[in-house]
Structures are given as C-alpha cells and as structure tokens.
Amino acid sequence: MTSYFIDESGHGGDLASAKDLDFASQPIFVLAAVGTDERVALAAELETVRTMCGCGPGDIKSSMARLPQAVLHLTQFLGDRGEPIFIEIVDKRFFIAIHIVNHLLCGGMSLEAVDMPSRNAIAEFLADEPADGLLMDCVRACQSPDIQAMRQGRPCRSRHCPTTRQRYRSSTSGSAGLPWRRPRSEVHTRPHRRTA
C-alpha cells in the first residue's frame with residue numbers, strides 16, 4: 001500500500017492577511033508530497049539525511065546549511081525507486097499579478113482571445129516592484145470586497161481615463177488648444193470602467 005506524506009513551507013505572510021509585499025519574509029509558498037510503498041526504507045533514509053544535516057528529531061528546516069545536499073540525496077533515493085513526487089512552488093507576488101490579469105484585465109475573455117503566454121508576460125510585468133501599489137490595492141480589495149473599499153484605492157493618474165477626460169472637458173469648455181491637464185481636485189480613485 002502506498003503512503004503519501006505532504007508538507008508545506010512559506011505559509012507565513014499569508015496572502016489573505018498581507019499587510020505588505022514582504023509576506024513576513026516568506027515570498028514563496030511550496031507544497032510538496034511524496035509517496036512510497038517502502039515506509040521503513042524511507043524512514044531509514046530520513047535518518048541518514050538527519051545525520052548529514054546534523055539535526056536532531058523534528059522538522060528538517062530550510063535554514064539548515066546542508067539542506068541542498070540533503071534534498072538532492074532524498075530526491076535521488078525516491079527517484080531510484082520510482083516513487084511519486086509532487087512539488088508546487090508559488091511566488092506570492094506573481095500569484096496576485098496573475099489574479100489581476102485573469103480576473104480583472106481579461107475577465108470573461110477566453111484563452112483564444114488572450115493566450116496564456118501573453119497573460120504570463122503581463123503578470124511578470126505587474127509582479128515587478130514599480131507595481132507594488134497596484135498589487136496591494138488588489139489585496140486590500142480582496143480582503144474587503146465591497147464598492148467602498150474598491151474606491152479607496154490610490155488616485156488614478158491615467159490621462160486616458162474617460163471619466164477624468166469628460167470632467168476636464170466639461171470644466172474647460174471653450175478653452176480649445178490648451179494642453180490636456182486635470183486639476184488635482186478632480187483626481188478620482190480606482191477603479192474606473194471603460195465606457196463605450
């Protein structure tokens with residue numbers, strides 16, 4: 001009978017309670033599982049790994065200096081026996097960015113309309129540091145999903161915003177030829193919807 005062992009790392013700095021994009025110094029989440037028909041052999045191999053790492057009983061932690069050697073050794077042991085291994089690695093910044101792309105930017109569009117490589121490229125761009133404000137606005141909106149919370153985002157500075165453009169035109173009617181500028185008092189908050 002195959003036994004499966006599963007563990008995670010990086011649950012600190014949970015996305016649901018994120019206060020900043022440091023994620024409590026755990027920016028990556030990892031979920032791993034291994035299966036084995038040979039529990040006794042796996043237990044003996046783990047004891048070998050503990051000796052290699054110089055650690056006592058309990059969890060083998062990622063802060064241990066010799067962990068890469070131990071992981072390689074354990075992976076080779078499982079691979080030589082054809083044991084199933086599952087590893088999922090999630091960059092938390094990218095997770096927020098791809099959520100923005102898939103659910104807010106692409107919405108109901110199919111993968112034929114916007115393919116996955118394009119979505120990933122946009123998410124990679126959003127996951128960079130200059131987009132920190134946007135990522136945190138998304139986290140806050142998800143934490144409190146109501147219209148008022150959405151409107152408390154950072155000021156929209158887009159000169160292409162139809163709402164702002166209309167406000168500017170109506171407040172400056174008759175002053176053609178002036179460069180497009182929006183008075184500070186008319187800066188509104190995200191999000192805004194594209195109008196037809």
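Tallying residues that are closer than 30 Å to ALA33 by Cβ, in a helix (DSSP H, G or I), modelled with pLDDT of 90 or more and β-branched (Val, Ile, Thr) within the stretch 88-145 yields 4. Here ILE28 clears all of (1) out of contact with any helix residue (DSSP H, G or I) (no Cβ under 9 Å at 6 or more places or on another chain); (2) of a type outside the set (D, E, K, R); (3) surrounded by 11 or more Cβ atoms within 10 Å (Cβ to Cβ) except the condition numbered (1). Checking every residue in the stretch 51-72 against the condition of being part of a helix (DSSP H, G or I), hydroxyl-bearing (Ser, Thr, Tyr) and surrounded by 13 or more Cβ atoms within 10 Å (Cβ to Cβ) gives zero matches. As an exercise: evaluate ALA18 against (1) at pLDDT 80 or above; (2) out of contact with any Gly (no Cβ under 6 Å at 6 or more places or on another chain); (3) surrounded by 14 or more Cβ atoms within 10 Å (Cβ to Cβ); (4) within 18 Å of PHE94 (Cβ to Cβ) and give the number of the one condition it does not meet. For ALA18, the exception is condition (1). Among the residues examined, THR51 does not qualify as in contact with a Lys or Arg (Cβ under 9 Å, 6 or more places away or on another chain) and among the polar types (S, T, N, Q).
The values are calculated or read from the model by the stated rules, or taken from the named source; none is laboratory data. All values reported here derive from a predicted model rather than from experimental measurement. For neighbour counting, all protein chains shown are included, and Cβ atoms are generated from backbone atoms with ideal geometry for every residue, glycine included.
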